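Some notes on the structure that comes next.
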Amino acid sequence: MALERTFSIIKPDAVRRNLIGKIIAKFEEAGLRPIALKKIHMTRAQAEGFYGVHKDRPFFGELVEQMIASPVVVQVLEGEGAILKNREVMGATNPANAADGTIRKEFALSIGENSVHGSDAPETAAEEIKFFFNDDEIVG
Ligand code: RTP
Ligand code: MG
C-alpha cells in the first residue's frame with residue numbers, strides 16, 4: 001500500500017462539544033498522522049465552494065449553514081492507504097448506519113451534523129488539501 005495524504009474536517013458540531021482530541025486520537029490510533037492542522041471559522045464563500053459538488057442537493061443550504069455556524073479544524077492526514085483508512089475510521093455518513101468504534105457511530109448527532117468530513121478519492125484529496133493549505137503549512 002502506498003503512503004497517501006487525505007483531507008479531513010472536524011466539523012462544528014464536534015468542535016462545539018470539545019471532541020477535537022478524542023477525534024484526533026482515533027486517527028492516530030489508526031496510523032493516520034496529522035501533518036497539517038489549523039482551526040478556522042469557514043466563510044460562506046469557502047463552504048459553498050468546498051461543497052460545490054452538492055449545490056443542487058436538497059440538503060445543500062442546511063449543510064452550508066452548519067459548516068459556518070462555528071469553527072472547524074481542518075487537517076491533512078498522512079498514512080498507508082490514508083484515503084480509504086480515513087473513510088473507515090469515520091464510518092458511514094448516517095451515524096445510524098455507522099459501524100461500532102467509528103467516529104460517526106460514537107460522536108455524530110445526525111446525517112448532517114456528522115462530526116467529520118473526509119476526502120473520498122485521490123483527486124478530491126489533492127483538491128481539498130489545496131483548497132485549505134499552502135505547501136509550506138504541510139510538514140510531512
Ligand atoms: P463527507 O463528504 O462530509 O466526508 O461525507 P460523505 O462523503 O459521507 O457524505 P456526502 O454524500 O459527500 O455528503 C456531504 C455531507 O452532506 C451532509 N449530508 N446531509 N441531510 C442529508 O440527507 C445529508 N446528506 C448528506 C453530511 O454532513 C455529509 O457529510
Ligand atoms: Mg463526500
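No value in this document is a laboratory result; all are computed from the given coordinates. None of the values given here were measured: they were computed from a predicted structure. Cβ placement follows ideal geometry from the backbone for every residue including glycine, while neighbour counts extend to all protein chains displayed.
Which of the following residues is within 12 Å of ligand 1 (Cβ to nearest atom) and among the polar types (S, T, N, Q): 102, 43?
102
Would a scan of the stretch 108-130 turn up a residue that is part of a helix (DSSP H, G or I), over 16 Å from residue 27 (Cβ atoms) and hydrophobic (A, V, I, L, M, F, W, C)?
yes
Could you check the stretch 67-107 and list, in sequence order, the residues that are in a helix (DSSP H, G or I) and closer than 23 Å to residue 123 by Cα? Break it down into steps so the answer makes sense when it comes.
Initial filter on the stretch 67-107 (in a helix (DSSP H, G or I)): 67-68, 82-90, 95-97, 103-107.
If the condition is that a residue be in a helix (DSSP H, G or I) and closer than 23 Å to residue 123 by Cα, then 67, 82, 83, 84, 85, 86, 87, 88, 89, 90 are the ones that fit.
Of everything in the stretch 47-74 that's of a type outside the set (Val, Ile, Thr) and more than 16 Å from ligand 2 (Cβ to nearest atom), which residue is farthest from residue 16 (Cα to Cα)?
61
Of the conditions (1) surrounded by 18 or more Cβ atoms within 10 Å (Cβ to Cβ); (2) within 13 Å of the chain's Cα centre (by Cα), residue 78 fails just one. Which one is it?
(2)
Residue 56 is checked against (1) near ligand 1 (Cβ under 10 Å from one of its atoms); (2) in a loop (DSSP other than H, G, I, E, B); (3) of a type outside the set (S, T, N, Q); (4) farther than 20 Å from residue 15 by Cβ and fails just one. What number does that condition carry?
Failed condition: (1).
Quick one: in the stretch 92-112, of everything that is within 23 Å of residue 39 (Cα to Cα) and surrounded by 19 or more Cβ atoms within 10 Å (Cβ to Cβ), which residue is farthest from ligand 2 (Cβ to nearest atom)?
Within the stretch 92-112, the match that is farthest from ligand 2 (Cβ to nearest atom) is 107.
Can you find even one residue in the stretch 119-134 that is within 19 Å of residue 13 (Cβ to Cβ), within 11 Å of ligand 1 (Cβ to nearest atom) and surrounded by fewer than 14 Cβ atoms within 10 Å (Cβ to Cβ)?
No; the residues of the stretch 119-134 include none that is within 19 Å of residue 13 (Cβ to Cβ), within 11 Å of ligand 1 (Cβ to nearest atom) and surrounded by fewer than 14 Cβ atoms within 10 Å (Cβ to Cβ).
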